[in-house]
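Worksheet: the structure to be examined is printed underneath.
Just so it is clear, none of the values below were taken in a lab; they were calculated from the coordinates. Small disclaimer: the values here were computed from a predicted structure and weren't measured. All Cβ positions, even for glycine, are placed from backbone atoms using ideal geometry, and neighbour counts span all protein chains on display.
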Amino acid sequence: MATEGDKLITTDVQTSSTGRVERPDETVVASRHLDVYYGDEQALDDVSMEIPEHKVTAIIGPSGCGKSTFLRCVNRMNDQIDACRIEGDLRFHGKDVYDDDVDPVALRRKIGMVFQKPNPFPKSIYDNVAYGLRVQGKADDVDLDDAVEEALRGAALWDEVKDQLDSSGLDLSGGQQQRLCIARAIATDPEVILMDEPTSALDPVAASKIEDLIADLVEEYTVLIVTHNMQQAARISDKTAVFLTGGELVEFDNTNKIFENPEHDRVEDYITGKFG
Ligand SMILES: Nc1ncnc2c1ncn2[C@@H]1O[C@H](COP(=O)(O)OP(=O)(O)OP(=O)(O)O)[C@@H](O)[C@H]1O
């Protein structure tokens, strides 16, 4: 019987286009025949895709094609929208996240989220990062100072804020606030980080720092990112999903393939800016 050790020894190690060491793909999130409706309007149409672990998967497509809707299905943020109805299934490590026995709050600890507009709490930098651990009742189990430092280091923010941990998170620059939100998300040790256009409200320098950070984050986490910026998707992702109008997933493949030789004319037209 193969052991974990055998698997590690016999696995071919390759380097991807992003320069990262390739691991064999393990699916962490999978949708099958996923349909989503807001009232009578269909936002996602029969979406089946498998998100590989420890990779960056980008979702691109024109406005209104359902990118954010898909992201919000993964950690059940759509539960908060009364008109939203979901059919088909969406699995996290093989377990349907919409099963009755799944606690959405616990799910969101495993699948964290970072939004377009940085949204730190009106609290100190320290308390922003410690928040999730305190809510989970884990603050007594871990050394909170160490956990806060580790999360801030993981979000490439520690060196900039280590002498001002008591200052308000709202006093940071936009880019720092976004990295603080990433620190807050990783403090509770999620497996997946969902990012909904995390750099679109930032200047190019701040955006570039987040892109560099994402490249580091996939060593430990799986990143699923919605972006309007095709260059960004090409730069930072391993896999790209192209959604087009009507909430249809038209193509999902390695990012190089999507940008260099897509299968579908509609994808090529979108990538080359003929519409969208
Ligand atoms: N809360 C909601 N209530 C009703 N309809 C919604 C809601 N959220 C999204 N929709 C509709 O669902 C469709 C998909 O929206 P979604 O925000 O997922 O698209 P998107 O691709 O992320 O768009 P954008 O790039 O503009 O952010 C759109 O037609 C949108 O109007």
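Which order results if E263, E251 are arranged by neighbouring Cβ count within 10 Å, fewest first?
By the 10 Å Cβ count, ascending, the order reads E263, E251.
Assign unit charges at the C-beta atoms only (+1 for Lys and Arg, -1 for Asp and Glu), then state the dipole size of the chain relative to its Cα centre in Debye, rounded to the nearest 20.
520
DSSP beta bridges in the chain, what fraction antiparallel, as a percent rounded to 5?
If we restrict to bridges inside the chain, about 60 percent are antiparallel.
Quick one: give the max-minus-min coordinate of the C-alpha atoms of the chain along each principal axis, largest first, in Å.
53, 50, 43
Tell me, what ³J(HN,Hα) does each residue in segment 153-161 have, in order and in whole Hz, if you take phi through Karplus 6.51 cos²θ - 1.76 cosθ + 1.60 with θ = phi - 60° and put x for Gly and Pro?
5, x, 9, 6, 10, 3, 4, 7, 10
Using Cα centres only, tell me the gap between segment 111-135 and segment 231-263 in whole Å.
When both Cα centres are located, 31 Å separates them.
In nm, what is the difference between 0.36 nm times the number of residues separating F115 and E260 and their Cα-Cα distance?
The span from F115 to E260 would gain 49.3 nm if fully extended.
Starting with the fewest neighbours, write out T240, T272 ranked by other beta-carbon atoms found within 10 Å of each beta-carbon.
The fewest-first ordering by Cβ neighbours comes to T272, T240.
Among the aspartates and glutamates, which fall within straight-line cross-link reach of K209, defined as a Cα-Cα distance under 15 Å, with same-chain neighbours fewer than 8 residues apart omitted?
Hits, sequence-local ones excluded: D159, E160, E197.
Given the pairs K67/K274; K67/K239; K55/K110; K55/K162, which are separated by over 24 angstrom at their Cα positions?
Pairs exceeding 24 Å: K55/K162.
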